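Enquirer: Below is one structure. I have some questions about it.
The values are calculated or read from the model by the stated rules, or taken from the named source; none is laboratory data. What you see is a predicted model; the values in this text were computed from it and never measured. When we count neighbours, we look across all protein chains shown, and the Cβ atoms used for this are built from the backbone with ideal geometry, even at glycine.
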Amino acid sequence: MEWKPDKSSQIPVYIQISDYFETRIMNGEYPAGSSLPSERTLAALLDLNRSTIISAYDQLNSLGLVKRVKGFGTIVTLSTSAEGHVKRVPNWEEYVKSGFLQLNDPITRTIHKIVGSDKPYINFAIGELSADLFPVTLMQEAHSQLELSQYLGYEHIQGNLKLRESIANHLNRYRNIESSSSSILVTSGAQQALQLIIQCLLKPGDSVAIEDPSYSFSLPIFHSAGLRTFRLPVGEEGIDPEQIVSLYKQHKIKMVFVNPIFHNPTGTTLAYNRRKRLLDISTKYGIAIVEDDPYSLTSFNQEPMSTLKSMDQDGSVLYISSLSKIVSSGLRIGWMTGPQAVIQRLTDAKQQLDFGHSNIPQWIAAQLLSSGELDNHLMQLRVGLQKKLQLTMNALRTELGDKVRFHIPSGGIHLWCELQGDWDELQMFNLAIDKGVVFTPGSTLGSQSRHVRLTYSKVDDLLIGQGIQRFAEAYLQCRDEKNSR
Ligand SMILES: Cc1ncc(COP(=O)(O)O)c(C=O)c1O
């Protein structure tokens, strides 16, 4: 080999090698199926470290020109068309790996694959309502009044005006929050509001605090955005606000994400004095609070819960909610309210991302919220959810007795369970799937071991007992296997 890389060049040596072979592959010197010199041989010929050759071949691999096959070396993968042209297919595997938005963790991906399949799993994993809890008649009525001709164009990016007005009234009536149509942004579920906040108000390297465990913990969007996340453990009374002070002093955290009422997954509610203290700390140190509140209207005893936003005198809280857990997750109607500057900034981002939310769900949501029928629906919903919770707890007690512990929530849709003894989480998850039941392993939501989340809202009442029986079998089998080793 006469060619040698120029070690004095600005271009890294491995790139020069990759370029050299790229040219030769493209002009047919190395046809499809032929092998490049072995790493060792090429390193000796060019008087270089083998690691440089490995980097060069990896680069060719990422360009889709070669495949690294164990035992066979580096094989050219280009093919030739009928006309004799070299065909260069994009290396999709590399593209898939290199995007900036990180993948969900493998367990979450499995859950979504399973619940998207047509197999009849008993589903304790997905946070949505069962068919009998949706307000179908109300939705049908709203839908039948739809004047399609008015709703076929682009909608206002910030959200349909009637919907924003209905949301402002709803917030005032049900959550004691003052807002107006101009301070509300309609989003695709609460999740998009979280994403817009992360992308528009924070930058890579910023520090934020999230609850442990939490829904936020399960979202890769925090790390994809380059944020440093610090955890606030959640106890019976929610997070301890004093920990925010020390996180601020050590890491200058800029924002705290909390789900204070019927928290996902623990079902706990942040104690009133802690809510007050959190607000005090926020204003003392200038730390923004994101209050994520999709569950407060599910309260079983209908006790009014004071949202942080309703207690926020100084404007420190961005408030997020949605219709997903009380009406329909499929409508994808969420919203946030906050200072004008923030709403305008996020509206601009939403225009860039999706040009505003689809207008037919917005119309239906506006009709529903302004119909005066929500109270009735919420009453039925609470009864339905409480019944499902009771059936789930009864079945757990029957099947597992004191081997399972949980905090009894007074609202929400999740039961956070601690399973005693030694058992392998992944093994249990897979075994439960084999038995036809799916749940959320605790590690996807936080750092506490030996926990699982059972979301009872979606499971048909008649299937809860059977589902918990299969779940208990999977756990007992895993625990016994571990003990017998
Ligand atoms: C605390 C919390 N926030 C946000 C969401 C996202 O819900 P959606 O985007 O459907 O409103 C969920 C869903 O489970 C949740 O539990």
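Enquirer: Among the residues in the range 425-435, are any buried (at least 17 other Cβ atoms within 10 Å of the Cβ), closer than 30 Å to residue 174 by Cα and in contact (Cβ under 8 Å) with a residue 24 or more places away in the chain?
Expert: No: the range 425-435 contains no residue that is buried (at least 17 other Cβ atoms within 10 Å of the Cβ), closer than 30 Å to residue 174 by Cα and in contact (Cβ under 8 Å) with a residue 24 or more places away in the chain.
Enquirer: So, in the range 124-143, exactly how many residues are among the β-branched types (Val, Ile, Thr) and in a loop (DSSP other than H, G, I, E, B)?
Expert: Taking the range 124-143 first, the residues among the β-branched types (Val, Ile, Thr) are 126, 136-137.
After this cut, where a residue has to be in a loop (DSSP other than H, G, I, E, B) as well, the list is 126.
Residues flagged as among the β-branched types (Val, Ile, Thr) and in a loop (DSSP other than H, G, I, E, B) within the range 124-143 amount to 1.
Enquirer: Then there's this: For the range 89-116, how many residues meet the condition of being touching a residue at least 60 places away in the same chain (Cβ under 8 Å) and surrounded by 12 or more Cβ atoms within 10 Å (Cβ to Cβ)?
Expert: As a first pass, look at the range 89-116 and keep what is touching a residue at least 60 places away in the same chain (Cβ under 8 Å): 100-105, 107-108, 110-111, 114-115.
From what's left, surrounded by 12 or more Cβ atoms within 10 Å (Cβ to Cβ): 102-105, 107-108, 110-111, 114-115.
Residues flagged as touching a residue at least 60 places away in the same chain (Cβ under 8 Å) and surrounded by 12 or more Cβ atoms within 10 Å (Cβ to Cβ) within the range 89-116 amount to 10.
Enquirer: Which one is nearest to residue 218 (Cα to Cα) among residues in the range 179-196 that are more than 14 Å from the ligand (Cβ to nearest atom) and assigned to a helix (DSSP H, G or I)?
Expert: Filtering the range 179-196 for residues more than 14 Å from the ligand (Cβ to nearest atom) gives 179-184.
From the residues that got through so far, the ones that are assigned to a helix (DSSP H, G or I) too are 181-183.
Details: 181: 31, 182: 31, 183: 29 Å.
Per the criteria, the residue is 183.
Enquirer: How many residues, within the range 158-173, are within 16 Å of the ligand (Cβ to nearest atom) and either over 15 Å from residue 358 (Cα atoms) or not assigned by TED's automatic domain parsing to the domain that holds residue 349 (or both)?
Expert: 3
Enquirer: Looking only at the range 344-359, which residues are touching a helix residue (DSSP H, G or I) at 6+ places or on another chain (Cβ under 6 Å) and either at pLDDT below 95 or surrounded by fewer than 23 Cβ atoms within 10 Å (Cβ to Cβ) (or both)? Walk me through it before giving the result.
Expert: Of all residues in the range 344-359, those touching a helix residue (DSSP H, G or I) at 6+ places or on another chain (Cβ under 6 Å) come to 345-346, 349, 359.
Hits for the range 344-359 are 345, 349, 359.
Enquirer: If residue 199 meets every condition in (1) outside any strand (DSSP E or B); (2) crowded, with 17+ Cβ neighbours inside 10 Å apart from one, which number is that one?
Expert: With respect to (1) outside any strand (DSSP E or B); (2) crowded, with 17+ Cβ neighbours inside 10 Å, residue 199 is out only on (2).
Enquirer: Please go through the range 235-268 and pick out each residue that is free of Cβ contacts under 8 Å to residues at least 40 places away in the same chain, part of a loop (DSSP other than H, G, I, E, B) and within 12 Å of residue 211 (Cβ to Cβ). Steps first, please.
Expert: Kept after step one, since they are free of Cβ contacts under 8 Å to residues at least 40 places away in the same chain, are these residues of the range 235-268: 235, 237-240, 242-243, 246, 248-250.
Next cut, part of a loop (DSSP other than H, G, I, E, B) only: 237, 239-240.
239, 240 - these are the residues of the range 235-268 that are free of Cβ contacts under 8 Å to residues at least 40 places away in the same chain, part of a loop (DSSP other than H, G, I, E, B) and within 12 Å of residue 211 (Cβ to Cβ).
Enquirer: What pairs can you find where one residue is in the range 184-196 and touching a residue at least 60 places away in the same chain (Cβ under 8 Å), the other is hydroxyl-bearing (Ser, Thr, Tyr) and more than 7 Å from the ligand (Cβ to nearest atom), and their Cβ atoms are less than 6 Å apart, with a gap of 6+ or different chains?
Expert: The qualifying pairs are 184/337; 185/347; 193/187.
Enquirer: Say we look at the range 280-308 and pick out the residues that are in contact with a Lys or Arg (Cβ under 9 Å, 6 or more places away or on another chain) and acidic (Asp, Glu); which of these is farthest from the ligand (Cβ to nearest atom)?
Expert: Looking at residues that are in contact with a Lys or Arg (Cβ under 9 Å, 6 or more places away or on another chain) and acidic (Asp, Glu), I get 291.
Enquirer: Right, here's the next one. Restricting attention to the range 345-365, which residues are in contact with a strand residue (DSSP E or B) (Cβ under 9 Å, 6 or more places away or on another chain) and more than 16 Å from the ligand (Cβ to nearest atom)?
Expert: Answer for the range 345-365, where residues must be in contact with a strand residue (DSSP E or B) (Cβ under 9 Å, 6 or more places away or on another chain) and more than 16 Å from the ligand (Cβ to nearest atom): 347, 356.
Enquirer: Given 246, 296, 224, 216, which one is on the phi < 0 side of the Ramachandran plot, touching a Pro at 6+ places or on another chain (Cβ under 9 Å) and among the hydroxyl-bearing types (Ser, Thr, Tyr)? Walk me through how you get there before you give the answer.
Expert: On the way: 246 fails: touching a Pro at 6+ places or on another chain (Cβ under 9 Å); 224 fails: touching a Pro at 6+ places or on another chain (Cβ under 9 Å); 216 fails: touching a Pro at 6+ places or on another chain (Cβ under 9 Å).
Result of the check over 246, 296, 224, 216: 296.
Enquirer: Okay, next question. Residue check: is residue 224 under 21 Å from residue 444 (Cα atoms), among the hydroxyl-bearing types (Ser, Thr, Tyr), buried (at least 18 other Cβ atoms within 10 Å of the Cβ) and at pLDDT 95 or above? Let's see the steps before the verdict.
Expert: Details: under 21 Å from residue 444 (Cα atoms): yes; among the hydroxyl-bearing types (Ser, Thr, Tyr): yes; buried (at least 18 other Cβ atoms within 10 Å of the Cβ): no; at pLDDT 95 or above: yes.
So residue 224 does not fit the description; no.
Enquirer: Let me ask something additional. Could you grab me the full set of residues in the range 309-342 that are farther than 19 Å from residue 195 by Cα, of a type outside the set (Ser, Thr, Tyr) and within 14 Å of the ligand (Cβ to nearest atom)? Please lay out each step first, then the result.
Expert: If we filter the range 309-342 for residues that are farther than 19 Å from residue 195 by Cα, which is where we start, we get 309-315, 326-328.
Checking which are of a type outside the set (Ser, Thr, Tyr) leaves us with 309, 311-315, 326-327.
Those that are farther than 19 Å from residue 195 by Cα, of a type outside the set (Ser, Thr, Tyr) and within 14 Å of the ligand (Cβ to nearest atom): 326, 327.
Here is a yes/no grid of residues against (1) hydroxyl-bearing (Ser, Thr, Tyr); (2) farther than 26 Å from residue 255 by Cα; (3) at pLDDT 95 or above:
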residue	(1), (2), (3)
147	no, yes, no
150	no, yes, no
161	no, yes, yes
184	no, no, yes
188	yes, no, yes
202	no, no, yes
214	yes, no, yes
